[in-house]
Every structure is written in structure tokens, then in C-alpha cells.
Amino acid sequence: MLHSSDIVAPDKRTPGVAKIDPVIFPVLDKLYARRIQRLSTQADALGENGEYFRFLVHLVQAQQQYIAQNPLGPDEAATVRTLLDQKRDHAHLQASLLNIPYWQAAYTALVGQVAPILPSSVGDKLAALSADKEQLAHTATHLLHLDYSQVDAGVSVVLWAALSTCWAQAVSLGQTQDLPPSTTQSAHCPCCNAPPVASLVLGGAREGLRYLQCSLCEARWHRVRAVCVDCSSSGQIEHWTLDDAKSAIQIETCGDCTTYIKTFRLDYDPELEAVADDLGSLSLDAAIETEGFKRVGLNPFSFPV
């Protein structure tokens, strides 16, 4: 594994860019289309071993279809945003989730789409949770409080996908750039407080700028480069790749807090998609974790077990 302290240069602005947007909100149909394409590419590359990626293609297609046919209404979106604006303990969060039917209906719809391609025991487990709204909300509360060990990993993937369809629309419908600067310096999303999937260095009109992409609401928020996303230290930042310094997929480590985050250089390869390509490059995570670093963030298709 190659490493260097200066693979990634500090932020640079493209001439003509007047300001840096603190948050970039998702265009979900395009995002899902790109994710489906990249997951399909991973599945094809793996051949017979690509079964999980093919399942994920079905899941993301189900997300895309659900929001196209059942867009979130403005009143329910406002209810979700009110929930996101408040820190709630387990009981209060569960009660609030029970009063938001959209994500529950999304979960039922996603299960209906993916259960036929799953082993019957898995499909039955997913369907049983759909039928018990109290338990469904209880399980979702664990996920939103990041208590991943309390939820079956297979259930987590489908349930998080259902929550994401709701949260992503709610955040996009209420989008505002008027966020306090301190909120965008967090390791967690300033819109919904979920962890990031990865760090992205953008191309195009935002060439060279780094954004973190949320694992739940899909928003991206700006973070200055060469600074640890977890502890904000800059003293022991290094970047690692498995091949060369110009690799489009890199790992950023912090020696001060011994954390790391995956970095996708979209300025090198604009076809990359954070969730799909993170899942397709877990060998890089395995290599860096042998060096003693722990991951910042979450891939919603690969929950910790």
C-alpha cells in the first residue's frame, strides 16, 4: 500500500466560482440512476460472486420507483424536518416515527420488491417486521441512534433504504444554504445528523473542493481538505492507495485520532458513486484497518456486525 502526506492538495477554487456552497442537496432520480449503473458494473465484474450487488440493484431500483410513484408531500416533509431539528431519546424518537407513515409504507414497498429474490427465511423476517409497526419503529429508532448492533444486518440495509427515501426528500424539499458554519464542520451530516459514506473531491465547476456525502439523506456538505473530518486536526494527515498516487479511490488517515475515511477523486474519475464504489473497494478498508485505523462513517449497504 502506497502512502504519502501530500497526495491531496489543499482546496482550490475554479476561476469564476464566487462562493462555496456549504451543502449540496441531492437530485434523487439521477443519484439512484448512477448508483444502479455502478452497482451493475460491480456485479458484472464479479460474475457468479456478484449476487449481493445484483440484490442491491433491485433495492435501489425499488427506491427509485417508490419515490417516482409516491413523492413525499410537503406537510409530511415538514414533520420529518421538525424531527431532525430536535434531539430525542429512544422513546420520543420511536413515538415520532410512528406518526410518519411515509417511511413505513416505503419499507413495506421495498420488502415487496426484494423479498422474491431473497431466501424465504430472510423475506419472511422482513415481512414480519413490516406487519408490526411498533417493532418497526423500535428497530428504526436503533438505526437512527446508530445502535447498529441491535439490528439484524440484513434488516438494516432494507430499513435504512426506506428511511433514506423519506429523509432525502424531506431535506431536499426544505433545502436551505443558511446553515451556521459550525454545523458543516461536523463529522455528521448537518441536515440529518447521520454519518457520511465517504469524502468526495469534486470536479467540474467545483473542482478540487471536498464534500462529505451523507449515508441517509444523501446531502453533501463541504469540509476543507487536509483536515481530519473526525477531530479536525491537520498534523498527521496521510493519504493511501493500493496502486499509485493518482488513484481515484484513496484513504485519508489521521494519526492523531487513528481514524480514516474513504476519499473518491471525482476530479480523476467522475463516474464513481460513493455508496457503490465504496462497497466495491472494501479491500482498501481491510488493508488500512490492519494498520490500526478505524473507519469514520457508514456504508448503508454494509452495516457493522
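Limited to the stretch 85-100, what total is found for residues that are open to solvent by 40 Å² or more (accessible area, probe 1.4 Å) and within 17 Å of Asn193 (Cβ to Cβ)?
The qualifying residues number 7.
When you scan the stretch 101-117, how many residues do you find that are under 19 Å from Glu51 (Cβ atoms) and open to solvent by less than 40 Å² (accessible area, probe 1.4 Å)?
Matching residues across the stretch 101-117 total 4.
Criterion first (within 17 Å of Leu282 (Cα to Cα) and under 17 Å from the mean Cα position of the chain (by Cα)) does Arg34 satisfy it?
no
Look through the stretch 255-284, keep the residues that are touching a helix residue (DSSP H, G or I) at 6+ places or on another chain (Cβ under 6 Å) and either assigned to a loop (DSSP other than H, G, I, E, B) or open to solvent by 10 Å² or more (accessible area, probe 1.4 Å) (or both), and return whichever of them is modelled with the highest pLDDT.
Glu273
Select, from Val122, Val80, Val111, the only residue that is in contact with a Leu (Cβ under 6 Å, 6 or more places away or on another chain), over 22 Å from Leu272 (Cα atoms) and β-branched (Val, Ile, Thr).
Only one candidate passes the filter, namely Val111.
Of the residues Val57, Val27, which single one is at pLDDT 90 or above and exposed (fewer than 13 other Cβ atoms within 10 Å of the Cβ)?
Within the list Val57, Val27, the selection yields Val27.
State which residue is nearest to the chain's Cα centre (by Cα) when the search covers only the stretch 219-235 and only residues that are among the hydrophobic types (A, V, I, L, M, F, W, C) and open to solvent by less than 10 Å² (accessible area, probe 1.4 Å).
So the residue we want is Ala219.
Name the residue, out of Val201, Val171, that is touching a residue at least 40 places away in the same chain (Cβ under 8 Å), in contact with a helix residue (DSSP H, G or I) (Cβ under 8 Å, 6 or more places away or on another chain) and aliphatic (A, V, I, L, M).
Testing whether each residue is touching a residue at least 40 places away in the same chain (Cβ under 8 Å), in contact with a helix residue (DSSP H, G or I) (Cβ under 8 Å, 6 or more places away or on another chain) and aliphatic (A, V, I, L, M) leaves just Val171.
List pairs: first in the stretch 234-248 and at pLDDT below 85 and part of a loop (DSSP other than H, G, I, E, B), second among the polar types (S, T, N, Q) and open to solvent by less than 60 Å² (accessible area, probe 1.4 Å), Cβ under 9 Å, 6+ apart or cross-chain?
That search, which allows pairs on different chains as well, returns Leu242/Ser281; Ala245/Ser4.
Being farther than 20 Å from Leu56 by Cβ and part of a helix (DSSP H, G or I) is the requirement here; does Ile288 meet it?
Yes: the conditions hold for Ile288.
Which of (1) at pLDDT 90 or above; (2) among the aliphatic types (A, V, I, L, M); (3) under 15 Å from Leu266 (Cα atoms) is the odd one out, the single condition Val227 does not satisfy?
(3)
Scan Val8, Val17 and give me the residue that is touching a strand residue (DSSP E or B) at 6+ places or on another chain (Cβ under 8 Å), among the β-branched types (Val, Ile, Thr), at pLDDT below 90 and over 26 Å from Asp147 (Cβ atoms).
Val8
Got a number for residues in the stretch 43-53 being assigned to a helix (DSSP H, G or I) and either closer than 13 Å to Leu279 by Cα or aliphatic (A, V, I, L, M) (or both)?
Within the stretch 43-53, residues that are assigned to a helix (DSSP H, G or I) and either closer than 13 Å to Leu279 by Cα or aliphatic (A, V, I, L, M) (or both) number 5.
The values are calculated or read from the model by the stated rules, or taken from the named source; none is laboratory data. Since the structure is predicted, the reported quantities are computational estimates derived from the model, not experimental observations. Don't worry about glycine lacking a Cβ; one is built from the backbone with ideal geometry, like all the others, and counts go over all protein chains shown. All accessible areas refer to the heavy atoms of the entire protein, side chains included, with ligands and DNA or RNA removed. Shrake-Rupley method; radii C 1.70, N 1.55, O 1.52, S 1.80 Å.
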